[in-house]
Amino acid sequence: MTTTDPAAGATDGTAGLPDAPALGAMALPAGTYEGTAVVITGGGTGLGRAIATEFARLGASIVVASRRPEHLAAAEAAMAALDAPVLTVTCDIREPEQIAAAFDAAEARFGLPAVLVNNAAANFPVPAEDMSPNAWRTVVDITLNGTYFCAREFARRHLAAGTPGSIINVGASYAWTGGPGFAHSAAAKAGVKNMVETLAVEWGPYGIQVNGLVPGLFPHEDMTADIQGNLARTEDKDSCQPALRVGRPRELGWAATFLASPYARFISGHTLVVDGANWQRRSLTNPPVVTVRDQMGRGPFEP
Ligand code: HXC
Ligand code: NAP
């Protein structure tokens with residue numbers, strides 16, 4: 001970088017981090033997950049589906065649990081395209097009984113799943129002062145409580161069976177930094193990251209590995225309208241990343257399949273950030289402060 005104008009972006013021909021290999025490339029030996037069932041919550045959309053896809057390519061049987069029939073249908077179609085065995089189950093992860101029923105169905109079909117990817121989460125942009133108590137509760141209930149309830153169900157079954165397993169909790173980097181405009185989600189994700197560290201120690205002796213996986217900015221067509229609207233305010237998202245590009249959903253899939261694989265057995269209690277170093281950006285001076293209300297195009301606060 002030779003420019004001194006911070007608004008000018010990279011003007012000296014810097015190219016950023018190289019792009020990812022093409023969709024379909026495999027980072028692990030073929031068949032790594034042959035005979036293994038993998039549960040992915042929220043696996044019918046976006047990053048969850050990308051994660052399911054990479055496990056399926058490596059031979060896994062896939063179980064997708066989420067609420068909406070159209071998302072479950074999308075998971076079935078994606079797995080059918082890969083000829084991968086798939087089971088979809090309607091499940092709201094806020095409800096422990098529904099989670100137990102989903103695991104019963106998974107076990108009946110494929111045997112006890114050896115991998116759980118806690119990918120489902122809830123989020124919408126909202127200034128903290130505008131958020132209703134129920135909005136806060138809803139996001140925390142899905143993102144933090146739901147993640148714990150799924151992990152608990154998985155671990156109890158493995159402890160009872162005396163079998164090892166691997167849990168991956170999908171997080172967000174504002175777990176460390178705070179997330180202006182996303183107070184509920186950031187607090188919940190901080191809890192999720194902390195939970196990884198506790199559960200990895202508690203359940204390691206029983207053979208259960210627990211890790212976190214944090215995506216940076218991974219735009220995709222399933223993002224909720226709220227979040228897409230928020231992102232649309234930044235025209236060129238690539239130039240705002242140190243990598244000079246956003247993440248490709250398959251890159252998160254490769255990271256997830258590595259973390260739960262035999263090659264990562266000694267990695268536990270760790271949260272892996274896949275964001276091209278975006279969350280590490282620091283400057284001696286920062287851009288002028290714009291309030292969250294202004295960022296979101298909202299008028300003055302009205303009680
Ligand atoms: C303010 C909102 C709101 C919004 C809902 N609420 N949407 N408040 N702004 N945009 C409030 C409601 O008014 C209500 O409070 C409370 O939240 C619960 O709303 P419901 O619609 O009843 O909840 P529910 O049907 O359970 O749906 C949950 C949901 C919904 C979170 C609101 O958006 C959802 O299902 N989301 C799942 C998908 C998702 O969120 N994906 C994002 C993951 S991406 P009151 O007080 O009125 O009763 C991510 C990373 C983002 O996390 C990083 C981006 C860069
Ligand atoms: P998404 O497409 O909106 O996926 C969210 C999924 O969660 C949906 O499939 C949804 O399915 C499921 N879900 C929500 N509430 C649920 C509930 N109560 N019970 C069961 N399932 C529920 O978002 P995404 O971008 O792929 O996000 C996936 C993960 O990555 C999340 O943990 C998110 O926080 C994290 N993340 C994403 C980004 C990004 O740039 N995309 C950045 C940072 C972190 P149903 O509606 O069918 O229930």
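The figures follow:
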| item | result |
| --- | --- |
| Number of positions in region 116-127 that are more than 8 Å from ligand 1 (Cβ to nearest atom) and either under 15 Å from the mean Cα position of the chain (by Cα) or assigned to a helix (DSSP H, G or I) (or both) | 4 |
| Residue in region 36-75 that is surrounded by the fewest Cβ atoms within 10 Å (Cβ to Cβ), counting only those that are assigned to a loop (DSSP other than H, G, I, E, B) and within 14 Å of ligand 2 (Cβ to nearest atom) | Arg68 |
| Pairs where the first residue, in region 231-244, is in contact (Cβ under 8 Å) with a residue 24 or more places away in the chain and of a type outside the set (Ser, Thr, Tyr) and the second is in a helix (DSSP H, G or I) and more than 14 Å from ligand 2 (Cβ to nearest atom), C-beta under 8 Å, 6+ apart | Arg233/Gln295; Pro242/Gln280 |
| Checklist (1) away from ligand 2 (no atom under 16 Å from the Cβ); (2) in contact with a Cys (Cβ under 6 Å, 6 or more places away or on another chain) applied to Asn118, failing item | (1) |
| Subset of region 131-168 [away from ligand 1 (no atom under 16 Å from the Cβ) and assigned to a helix (DSSP H, G or I)] | Tyr148, Ala151, Arg152, Glu153, Phe154, Ala155, Arg156, Arg157, His158, Leu159, Ala160, Ala161 |
| Residue list for region 78-99, filter: within 14 Å of ligand 2 (Cβ to nearest atom) and aliphatic (A, V, I, L, M) | Ala78, Val89, Ile93, Ile99 |
| Residue match in region 265-278 (condition: closer than 19 Å to Gly171 by Cα, in contact (Cβ under 8 Å) with a residue 60 or more places away in the chain, within 12 Å of ligand 1 (Cβ to nearest atom) and in contact with a Gly (Cβ under 7 Å, 6 or more places away or on another chain)) | yes |
| Filter result for Asp236 (among the charged types (D, E, K, R) and modelled with pLDDT of 95 or more) | no |
| Asp130 more than 24 Å from Gly43 (Cβ to Cβ), surrounded by fewer than 22 Cβ atoms within 10 Å (Cβ to Cβ) and over 13 Å from the mean Cα position of the chain (by Cα) | yes |
| Failed item in (1) among the hydrophobic types (A, V, I, L, M, F, W, C); (2) out of contact with any helix residue (DSSP H, G or I) (no Cβ under 8 Å at 6 or more places or on another chain); (3) closer than 26 Å to Leu144 by Cβ; (4) assigned to a loop (DSSP other than H, G, I, E, B), with Leu217 passing the rest | (2) |
| Residue satisfying all of: in region 215-245; charged (D, E, K, R) and more than 12 Å from ligand 1 (Cβ to nearest atom); nearest to the chain's Cα centre (by Cα) among these | Glu221 |
| Answer residue from region 192-202, given it is crowded, with 17+ Cβ neighbours inside 10 Å and within 16 Å of the chain's Cα centre (by Cα) and is farthest from Arg265 (Cα to Cα) among those | Val192 |
| Residue within region 92-109 that is closer than 19 Å to Glu221 by Cβ, assigned to a loop (DSSP other than H, G, I, E, B) and β-branched (Val, Ile, Thr) present | no |
| Top-ranked residue of region 252-290 - restricted to ones that are modelled with pLDDT of 95 or more and among the hydroxyl-bearing types (Ser, Thr, Tyr), ranked as farthest from the chain's Cα centre (by Cα) | Tyr263 |
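Results for (1) crowded, with 21+ Cβ neighbours inside 10 Å; (2) hydroxyl-bearing (Ser, Thr, Tyr); (3) out of contact with any strand residue (DSSP E or B) (no Cβ under 9 Å at 6 or more places or on another chain); (4) touching a residue at least 40 places away in the same chain (Cβ under 8 Å), shown as yes or no for each residue.
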residue	(1), (2), (3), (4)
Leu116	yes, no, no, yes
Thr143	yes, yes, yes, yes
Cys150	yes, no, no, yes
Phe154	yes, no, no, yes
Pro164	no, no, no, yes
Ala172	yes, no, no, yes
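The values are calculated or read from the model by the stated rules, or taken from the named source; none is laboratory data. Since we're looking at a predicted model, the values are computed, not measured. Note that each Cβ is placed from the backbone with ideal geometry, even for glycine, and that neighbours are counted across all protein chains shown.
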